[in-house]
1. Going residue by residue through region 103-112, is there one that turns out to be free of Cβ contacts under 8 Å to residues at least 40 places away in the same chain and not in a loop (DSSP other than H, G, I, E, B)?
2. Determine which member of the set V29, V95, V77, V57 is in a loop (DSSP other than H, G, I, E, B) and aliphatic (A, V, I, L, M).
3. Can you find even one residue in region 149-157 that is open to solvent by 10 Å² or more (accessible area, probe 1.4 Å), outside any strand (DSSP E or B), out of contact with any Cys (no Cβ under 6 Å at 6 or more places or on another chain) and closer than 21 Å to L273 by Cα?
4. Return a yes/no flag: does region 173-189 have any residue that is within 30 Å of I28 (Cα to Cα) and not in a helix (DSSP H, G or I).
5. Got at least one residue in region 285-296 being open to solvent by 10 Å² or more (accessible area, probe 1.4 Å) and basic (K, R)?
6. Only residues that are within 21 Å of S63 (Cα to Cα) and among the aromatic types (F, W, Y): list them for region 1-52, please.
7. If you check G230, G182, which single one turns out to be touching a Ser or Thr at 6+ places or on another chain (Cβ under 6 Å) and open to solvent by less than 80 Å² (accessible area, probe 1.4 Å)?
8. With region 195-288 as the region, which helices (runs of 4 or more DSSP H) entirely inside it contain at least 3 residues that are more than 26 Å from T14 (Cβ to Cβ) and at pLDDT 95 or above?
Amino acid sequence: MKIGVVGVGAVGSTAAYAMAMNGVGNEIVLVDYNPKLARAQAEDILHATPFARPMRVIGGDYSDLKDATVVVIAAGVNQQPGETRIELLARNAGVFAKIIPEVLKYAPNAILIIATNPVDIMTQVATEISGLPRNRVIGSGTILDTARFRTLLGKHLGITPTSVHADVLGEHGDSEVLVWSGAKAGNTPLFTFAEQVNKPITQEVRDNIDHGVRYAAYSIIEGKGATNFGIGAGLSRIVKAIVTNEHAVISLSIVNEEIVGVKDTALSVPRVLGAGGIEATLFPSLDEVERNQLQVSAVALETAAKEVLSKHMK
């Protein structure tokens, strides 16, 4: 299956590399406004395939996306000095307005995976521009936040994070909601497991983990300028679930009909993901505090999305 990646800076190129190393699909096409960058990234990734699995990797243009099954969009512009977040979003909406019609011209049946930040609002913008069904425009959402949460819980408990079952919901951003109440280690409720292994989850532990999840991007960007490995692996995981028709349950962002009383707003909750895109949306059990936090997150996203869409439609 052919996979497209549009925008091959740090995130797009790392996602393509992760897919090549994991054997996701059998052809990856890189497209960028800078064709030389796309070709260089493709050549570099191709040289790694002898150490993994056979894979065709090319740097091309939109026409090379013909019949792609999935297209990852990681393109966007950087914030300028004095520019507001809404102004930046409106400019990125303009970028998407150019990219998405070109993608769909050659790959009309593709599922779009949105990685450009702020990902929830850009997922909503992409849904509006593309006119595709909501289940075929999927934001990476809180897949990375969830991975961070599970990693830090596993580290505290002294177990592999793959044995931790816990989700982050809502915005991929400051208002995200860590769901402690339903978290498990193996098949055991998190707090019970923690007591049994003599690693109790005190308020201090909760605060430290919450901070480590919620503000991880800030410290990583301060240290190296971008976050790319975690999200690159996450994007590879999303694409794998689609091309293998896995029916995997992953926390992802799409425009929801209604979540906690907020309508037509993109945010993350667990979804069933397969060859047709999102097959089902799940709503986990939340305690009252978590439910209120999710509503606050949803309202904040709804407000920002409406402002951006109104600017974009002018």
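The values are calculated or read from the model by the stated rules, or taken from the named source; none is laboratory data. Keep in mind the model is a prediction, meaning the values are calculated, not measured. Neighbour counts run over all protein chains shown; Cβ positions are idealised from the backbone, glycine included. We work out accessible area using only protein heavy atoms, side chains counted, and drop any ligands, DNA or RNA first. Shrake-Rupley method; radii C 1.70, N 1.55, O 1.52, S 1.80 Å.
1. yes
2. Numbers: V29 fails: in a loop (DSSP other than H, G, I, E, B); V95 fails: in a loop (DSSP other than H, G, I, E, B); V57 fails: in a loop (DSSP other than H, G, I, E, B).
That would be V77, the only listed residue that is in a loop (DSSP other than H, G, I, E, B) and aliphatic (A, V, I, L, M).
3. yes
4. Here is the first cut: in region 173-189, the residues within 30 Å of I28 (Cα to Cα) are 173.
Pick out the ones that are also not in a helix (DSSP H, G or I) and you get 173.
Yes, the conditions are met somewhere in region 173-189.
5. Checking region 285-296: at least one residue is open to solvent by 10 Å² or more (accessible area, probe 1.4 Å) and basic (K, R).
6. Result: Y33, single match.
7. Numbers: G230 fails: touching a Ser or Thr at 6+ places or on another chain (Cβ under 6 Å).
Every option except G182 fails the conditions.
8. Numbers: elements: 203-214, 216-224, 229-243.
Those helices (runs of 4 or more DSSP H) span 203-214.
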